[in-house]
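See below for the structure under consideration.
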Amino acid sequence: MAESRTVPPSKKRKLIKEAGNKCANPGCPVTYRYEIHHIKDWAVYKVHNADDMIAICPTCHSYVHHGRLEISDEKLYEWKKIKRIQDTNEKTDQIFIEKGTQSSMVIGPLTIKSKHGAIPFRMLDQLIEYRIENGNLYFLNIKLKRSDGKDFFTATHNILESDLPEGVSYDYYAGKVLIKADVEDGFLPGWAIKEIRRFDPKFATNEITVLDMEVIDQGVVKIAGLVMVAGDAALVVDKEEIYYVVKGKVRPWIFSETIGKIPFFPRVVDYDGSNNNTIPYIDFNPLNTKSIKDK
Ligand SMILES: [Zn+2]
């Protein structure tokens, strides 16, 4: 009896694993959608032989069949031979940002515009920094750490890398990254959650948005969720608020549209300097007492 056209799920899983839980093309970053290609044409052979099949993303798959620059069978067999070390916690993705006439980052209620780029936030060695070159917005650096000091998310020139503990959710589609964790996962200490709940009682009742980053327009990236913790300080972007709390300090800083607390900085920071070496940044340094004004 001839095999069904549908690839058996166990065979599909095996091939995705063989490809390293990403598109088997070593030059392709796609980690979230796979198609199984029969290198030996299904229509001719009518057999699902894993040695002659490969897991690739739909875009690469279309290049196998219709590419002006064709991906050959020889190349596909070469990709199958690549020995991949399986580590499902580590992910590499890419973020593409369409060119715009104006480039900027929106972080909670803040909009940071700059001809050259900026470091919206820095807290000790954690930061989000971007640069504008010829109208293109690039992430020069993103570095985020868990409260135990371990790196969990970095970005360099729009390549995103994450290494998350089991159970933390990482969701990605072109233009969006969403990382969510349980309250107990160690991304935000209990004292910080308690402080923030004084202003938003519903904050982190079961989940914390660790990072919510999205391209929302040409040249515009929005950070709607963010958690940065360093020692006794925590910076949290949650919807339209930015909270900066330092353990033991009487009052947190809040940048908000709705709570009506500060607006400590202008809502739109417009940087028009010309020297790339002096790009502006907002420094949240718990060790530098000058940067922490007691309200
Ligand atoms: Zn691909």
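The values are calculated or read from the model by the stated rules, or taken from the named source; none is laboratory data. This is a predicted model, so every value here is computed, not measured. Glycine also receives a Cβ, built like all others from the backbone with ideal geometry; neighbour counts cover every protein chain displayed. Areas reflect the complete protein model, heavy atoms only, side chains present, ligands, DNA and RNA absent. Shrake-Rupley method; radii C 1.70, N 1.55, O 1.52, S 1.80 Å.
Modelled spin labels at His65 and Glu133, positioned 7 Å past Cα toward Cβ, are 3.7 nm from each other.
Dividing the alpha-carbon radius of gyration of the chain by the rule-of-thumb value 2.2 N^0.38 Å gives 1.19. No other cysteine beta carbon under 4.7 Å away is the test; run it over the chain and list who passes. Here Cys60 come out as lacking a disulfide-compatible partner, given the Cβ-Cβ threshold of under 4.7 Å.
Amide H contacts for Thr111 (H built 1.01 Å from N in the peptide plane; partners 5 or more residues away or on another chain; cut-off under 5 Å): Val268, Val269. Amide H of Met123: which non-local residues (sequence gap of 5 or more, or other chain) have their own amide H closer than 5 Å, using H built in the peptide plane? Residues meeting the amide H criterion: Phe284. The residues neighbouring Lys222, those whose beta-carbon lies less than 9 Å from its own, together hold a net charge of -3 under the Lys/Arg +1, Asp/Glu -1 convention. Please state the shape class of the range 64-188: rounded when a/c is under 1.5, otherwise prolate if a/b exceeds b/c and oblate if not, all from the C-alpha gyration tensor. The shape class here is oblate.
Helix-only arithmetic for the chain: the sum of -39500 (n - 2.57) across DSSP H runs with n ≥ 4, divided by the residue total, places the mean residue ellipticity at 222 nm at -3500 deg cm²/dmol. Taken as Cα centroids, the range 62-119 and the range 13-34 sit 14 Å apart, rounded to the nearest whole angstrom. Between Val229, Val106, Val64, the residue with the greatest mean-square fluctuation in the GNM of the chain (Cα pairs under 10 Å linked by springs) is Val64.
For Lys40, no residue whose modelled amide H falls within less than 5 Å of its own remains once neighbours fewer than 5 places apart on the same chain are excluded. The coefficient of translational diffusion for the range 9-86, derived via Stokes-Einstein from the alpha carbon Kirkwood radius under 25 °C and 0.890 mPa s, stands at 197 µm²/s. Averaged per residue, what accessible area in Å² does the chain show with a 1.4 Å probe, protein chains only? Accessible area per residue: 53 Å². Between Asp151 and Lys115, the FRET efficiency estimated from the beta carbon spacing at R0 = 25 angstrom works out to 0.25. Top mean-square fluctuation among Glu240, Glu166, Glu35, Gaussian network model of the chain, C-alpha springs under 10 Å? With Cα springs under 10 Å in the chain, the top fluctuation among Glu240, Glu166, Glu35 is at Glu166.
Of the peptides 16-28, 70-82, the order by per-residue mean of other Cβ atoms within 10 Å, starting with the highest, comes out as 16-28, 70-82.
Once the Cα-Cα distance is subtracted from the 0.36 nm per residue extended length, the Asp73 to Lys176 segment shows a gain of 33.8 nm.
Counting only protein heavy atoms and a probe of 1.4 Å, the accessible surface of the chain is 49% carbon and sulfur.
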